[in-house]
Amino acid sequence: MLENITLEKRQHINREIRDFIDKTLRESSEFFQQNFNDLQIDNYEYSANEAIEELGLDSDLVNQLIEDYVIQVLKSKALFVQYLQELKTAQKNLKNLNYTPLRELTHKNLGVARNLRIKDGIKILDELMEKDDLDYLTLCVKALEFCAIRLKPKCAYKTLKLIDIKSSL
């Protein structure tokens, strides 16, 4: 009986993960086509081979680093949103805009993406480094989240669940 409950629970979790992945792939495809078609990242598929060869690391370590990157991006999203909201408030109040915290956070994530040769992440993070249009930068943060989820969906699912649990405490 206990084995059946465990099996049923595992099947439920697997369905939930699959639904999450399917939904994210659909939403991200539409999102990229509507907002970032010129960056050509909709059909991007990451291959760790380039990072493995150039960094001289084994595939297990590179895959762990990729998962760490996904976690880092998803955790950083809240700070990106906070910094953008602060910039929008300053803009509304006709104050000088200080992009430094946003650019520093972007630079931190960009370094990891470059080291791991995550090309879609690099393109989005470059946009976050270079552009000043706050509405566009908000779209870039959403795009970065989608890129991270698509990179390692199961890791992203678990990370987002943990973030959700921690935020509800």
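The values are calculated or read from the model by the stated rules, or taken from the named source; none is laboratory data. In this text, all values refer to a predicted model and were calculated from it rather than measured experimentally. We place every Cβ from the backbone using ideal geometry, glycine too, and count neighbours over all the protein chains shown.
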Qualifying residues in the stretch 1-55 (those that are touching a Leu at 6+ places or on another chain (Cβ under 6 Å) and not hydrophobic (A, V, I, L, M, F, W, C)) - the one nearest to residue 124 (Cα to Cα): 35
In the stretch 95-104, the residues that are part of a helix (DSSP H, G or I) and either among the hydroxyl-bearing types (Ser, Thr, Tyr) or more than 13 Å from residue 138 (Cα to Cα) (or both): 100, 101, 103, 104
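So which residues in the stretch 35-54 are at pLDDT 90 or above and more than 14 Å from residue 150 (Cβ to Cβ), if there are any at all? Break it down stepwise before answering.
Keep residues of the stretch 35-54 that are at pLDDT 90 or above, which gives 46-54.
Hits for the stretch 35-54 are 48, 49, 50, 51, 52, 53, 54.
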Screening 161, 152 for residues that are without any contact (Cβ under 8 Å) to a residue 40 or more places away in the chain and either under 20 Å from residue 17 (Cα atoms) or in contact with a Cys (Cβ under 8 Å, 6 or more places away or on another chain) (or both) leaves only 161
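In a helix (DSSP H, G or I) and touching a Cys at 6+ places or on another chain (Cβ under 6 Å): does that describe residue 124? Before the answer, list the steps.
Details: in a helix (DSSP H, G or I): yes; touching a Cys at 6+ places or on another chain (Cβ under 6 Å): yes.
Answer is yes for this residue.
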Which pairs do you get when a residue that is under 16 Å from residue 116 (Cβ atoms) and surrounded by 14 or more Cβ atoms within 10 Å (Cβ to Cβ), found in the stretch 33-59, comes within reach of a residue that is among the hydroxyl-bearing types (Ser, Thr, Tyr) and modelled with pLDDT of 90 or more, reach meaning Cβ atoms under 7 angstrom, with the pair 6+ apart or on two chains? 48/59; 52/59
Residues that are of a type outside the set (Val, Ile, Thr) and under 25 Å from residue 132 (Cα atoms): list the helices (runs of 4 or more DSSP H) wholly contained in the stretch 1-94 that include at least 1 such residues. 2-35, 59-92
May I ask you to list the residues in the stretch 84-95 that are surrounded by 14 or more Cβ atoms within 10 Å (Cβ to Cβ) and touching a Ser or Thr at 6+ places or on another chain (Cβ under 9 Å)? 84, 88
